[in-house]
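**Q** Got a structure here, written out as structure tokens. Questions coming.
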Amino acid sequence: MIATRAFAQTAERPPAPLRIGPVDVYPTLALTNLGVDNNVFNEPNQAEPKRDFTMTVTPAADLRMRLGRARVTGVLKEDLVYYRTYASERSANSAVKAGLHLPLNRVILNAGASYLSTRERPGFEIDVRSQRFEGAADASAEIRVLPKTFVGLRGNRTRVDYDKAAVFLDSNLQFELSRTMTTGALTARYRLTPLTALTFDMGLERDRFQFSPLRDSNSTRIAAGVRFEPRALIKGSASFGYRDFRPTSSETAPYRGSVAAVDVYAALGSTKLGLQADRDVQYSYELDQPFYVQTGAIGSITQHLFGPIDVMGRVGLARLEYQNRITTGSLRPARTDYMHSYGGGVAYRAARRMRIGFNVDQYRRTSSLALRQYEGLTFGTSVTYGF
């Protein structure tokens, strides 16, 4: 998945979009993961991991439209996942996003909505590809109080629903993890330069589980960060802060500590550098260890060699610190699992709008539980074409 994202981003858009009435359309078609996965189910070595040929075809389109001052955006994406032998892993994963940006004289309004239907793994915690649905809506308003200073409000509501047949290690994921998350925050933004802004957020979060109230929680979050415009030398955003995570059940321990979210990349001549990092509370499907603190980072470097040839390397590490319930009868020892990943690839620009790549990625999970230890290797070809 890391390799797919890295090479897909290098596909160039056409000089002019397709026009459908007032809508500009930027379509792409990608063939990714055309190769081999030697551990389809993330099984430990003693279970004789299964190997299979796999590929993913991804048609997608970015949509843009102007309505006076307003800018409307949209994203349509479909991942068609194929496994030759293990038909249970085949899927069609749909994602739809829409957004509205309306700048007025002193006020900036934003609104958005998204929907996801997928069988992809939700993260490092769950190794099965189970059907889940996610729907989200958000809105924000900023008012300019000084020439370079904006203050505002932001709200978001997200619902996550697992299919009733989704089961992992004898746990029903619908019962354990289906939930609604509601957030609200006060925001501040200072335009340090035309391409760089300093940000500050202070907000409340409320998580409610449909069938497992033991995991219900309220949180307070304070974060400061920096945001870079797409035209800046460094692109993306980074924020660092503090979270006071308070479960509503007295059987679950709270967490008070640092959180972070980083997604930045930079182009320095013929070299591109990227960094993704995060630290936050994540919910576990396990009843005795209902949440864990995940800290992770993925770094990548892409180097242009000559002509149409690029090479890339990447490395990732994640730490999952599981937290026990506060019960005298619990005998589960606290544990920390680690995820390591290494990969690389080469890309060839076959045409102005097309990239062909070959990618190799190795990953390994270590844990005090033998059942949760595994390693795997994926390799194959990717092709991305922008119409």
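The values are calculated or read from the model by the stated rules, or taken from the named source; none is laboratory data. These numbers were taken from a predicted model, which means no experiment stands behind them. Backbone-built Cβ (ideal geometry, glycine too); neighbour counts: all protein chains shown.
**Q** In segment 266-310, what residues are in a loop (DSSP other than H, G, I, E, B) and touching a residue at least 60 places away in the same chain (Cβ under 8 Å)?
**A** Within segment 266-310, the first condition is being in a loop (DSSP other than H, G, I, E, B), and the residues that meet it are 269-270, 284-290, 307-308.
Result: Ser284, Tyr285, Glu286, Leu287, Pro290.
**Q** What do you reckon, is Arg355 assigned to a strand (DSSP E or B), of a type in the set (D, E, K, R) and surrounded by fewer than 16 Cβ atoms within 10 Å (Cβ to Cβ)? Even if it seems obvious, please write down each step before you answer.
**A** Working: assigned to a strand (DSSP E or B): yes; of a type in the set (D, E, K, R): yes; surrounded by fewer than 16 Cβ atoms within 10 Å (Cβ to Cβ): no.
Taking the combined requirement at face value, the residue does not satisfy it.
**Q** Another one. Could you check Asp170 against (1) surrounded by fewer than 18 Cβ atoms within 10 Å (Cβ to Cβ); (2) more than 30 Å from Phe41 (Cα to Cα); (3) of a type in the set (D, E, K, R) and say which number it fails?
**A** So Asp170 meets the others, but not (2).
**Q** Under 6 Å between Cβ atoms, at least 6 apart or on separate chains: pull out the pairs that start in segment 178-198 with a residue that is in a strand (DSSP E or B) and charged (D, E, K, R) and end on any residue that is at pLDDT 95 or above and surrounded by 15 or more Cβ atoms within 10 Å (Cβ to Cβ).
**A** Close Cβ pairs (under 6 Å, with a partner that is at pLDDT 95 or above and surrounded by 15 or more Cβ atoms within 10 Å (Cβ to Cβ)) amount to Arg179/Val160; Arg179/Asp207; Arg179/Phe209; Arg189/Phe150; Arg189/Ala197; Arg189/Thr199; Arg191/Ala197.
**Q** When you scan segment 150-191, how many residues do you find that are modelled with pLDDT of 95 or more, aliphatic (A, V, I, L, M) and in contact with a Leu (Cβ under 8 Å, 6 or more places away or on another chain)?
**A** 5
**Q** Taking segment 122-151, which residues are surrounded by 15 or more Cβ atoms within 10 Å (Cβ to Cβ) and not in a strand (DSSP E or B)?
**A** Those that are surrounded by 15 or more Cβ atoms within 10 Å (Cβ to Cβ) and not in a strand (DSSP E or B): Pro122, Phe124, Glu125, Ile126, Asp127, Val128, Arg129, Ser130, Gln131.
**Q** Against the condition out of contact with any Gly (no Cβ under 8 Å at 6 or more places or on another chain) and not in a strand (DSSP E or B), how does Arg157 come out, does it pass?
**A** Details: out of contact with any Gly (no Cβ under 8 Å at 6 or more places or on another chain): yes; not in a strand (DSSP E or B): no.
So Arg157 fails the test.
**Q** Give the residues of segment 167-177 that are over 19 Å from Arg208 (Cβ atoms) and not in a strand (DSSP E or B), sorted by residue number.
**A** Leu169, Asp170
**Q** If you don't mind, another one. Considering each residue of segment 245-262, count those that are farther than 26 Å from Ile298 by Cα and not aliphatic (A, V, I, L, M), and give that number. Walk me through it before giving the result.
**A** Going through segment 245-262, the residues farther than 26 Å from Ile298 by Cα turn out to be 246-254.
Restricting the remaining residues to those that are not aliphatic (A, V, I, L, M) gives 246-252, 254.
So the count comes out to 8.
**Q** Please state which one of Ala351, Ala370 is of a type in the set (Gly, Ala, Ser), modelled with pLDDT under 95 and over 25 Å from Asn39 (Cα atoms). Lay out the reasoning, then the answer.
**A** Values: Ala370 fails: over 25 Å from Asn39 (Cα atoms).
Of Ala351, Ala370, the one residue that is of a type in the set (Gly, Ala, Ser), modelled with pLDDT under 95 and over 25 Å from Asn39 (Cα atoms) is Ala351.
**Q** Can I ask one more? Restricting attention to segment 71-85, which residues are assigned to a loop (DSSP other than H, G, I, E, B) and either touching a Ser or Thr at 6+ places or on another chain (Cβ under 8 Å) or surrounded by 15 or more Cβ atoms within 10 Å (Cβ to Cβ) (or both)?
**A** Matches in segment 71-85: Arg84 only.
**Q** Have a look at Pro147, Pro122 and point out the one that is at pLDDT below 95 and under 23 Å from the mean Cα position of the chain (by Cα). Can you show your working first?
**A** Values: Pro147 fails: under 23 Å from the mean Cα position of the chain (by Cα).
Within the list Pro147, Pro122, the selection yields Pro122.
**Q** Also, quick follow-up: Being closer than 19 Å to Met354 by Cα, in contact (Cβ under 8 Å) with a residue 40 or more places away in the chain and among the charged types (D, E, K, R) is the filter here; which residues of segment 29-84 pass it?
**A** Asp79
**Q** So which residues in segment 199-218 are part of a strand (DSSP E or B) and farther than 29 Å from Gly236 by Cα? Before the answer, list the steps.
**A** Filtering segment 199-218 for residues part of a strand (DSSP E or B) gives 199-209, 217-218.
Hits for segment 199-218 are Arg208, Phe209, Ser217.
**Q** For segment 190-208, give me each residue that is among the charged types (D, E, K, R) and more than 24 Å from the chain's Cα centre (by Cα).
**A** Within segment 190-208, just Arg191 meets the criteria.
**Q** While we're here: Please count how many residues of segment 357-387 are under 24 Å from Ile126 (Cα atoms) and either out of contact with any strand residue (DSSP E or B) (no Cβ under 9 Å at 6 or more places or on another chain) or of a type in the set (Val, Ile, Thr) (or both).
**A** The qualifying residues number 5.
**Q** A follow-up question, please. Looking at segment 356-366, which of its residues are in contact (Cβ under 8 Å) with a residue 40 or more places away in the chain and of a type in the set (S, T, N, Q)?
**A** Asn359
**Q** If you take the residues of segment 242-256 that are in contact with a Phe, Trp or Tyr (Cβ under 9 Å, 6 or more places away or on another chain) and not in a loop (DSSP other than H, G, I, E, B), which of them is farthest from Thr199 (Cα to Cα)?
**A** Filtering segment 242-256 for residues that are in contact with a Phe, Trp or Tyr (Cβ under 9 Å, 6 or more places away or on another chain) and not in a loop (DSSP other than H, G, I, E, B), the one farthest from Thr199 (Cα to Cα) comes out as Thr252.
**Q** So which pairs qualify, if the first residue must be in segment 367-384 and in contact (Cβ under 8 Å) with a residue 24 or more places away in the chain and of a type in the set (Val, Ile, Thr), the second must be crowded, with 19+ Cβ neighbours inside 10 Å and part of a loop (DSSP other than H, G, I, E, B), the Cβ gap must be under 8 Å, and the two must be at least 6 apart or on different chains?
**A** Thr384/Ala11
**Q** Here's a follow-up. State whether one or more residues within segment 42-50 are surrounded by 15 or more Cβ atoms within 10 Å (Cβ to Cβ), of a type in the set (Lys, Arg), more than 22 Å from the chain's Cα centre (by Cα) and under 25 Å from Glu125 (Cβ atoms).
**A** yes
**Q** Working only within segment 238-265, note down all residues that are out of contact with any Asp or Glu (no Cβ under 9 Å at 6 or more places or on another chain), under 16 Å from Ala224 (Cβ atoms) and in contact (Cβ under 8 Å) with a residue 40 or more places away in the chain.
**A** none
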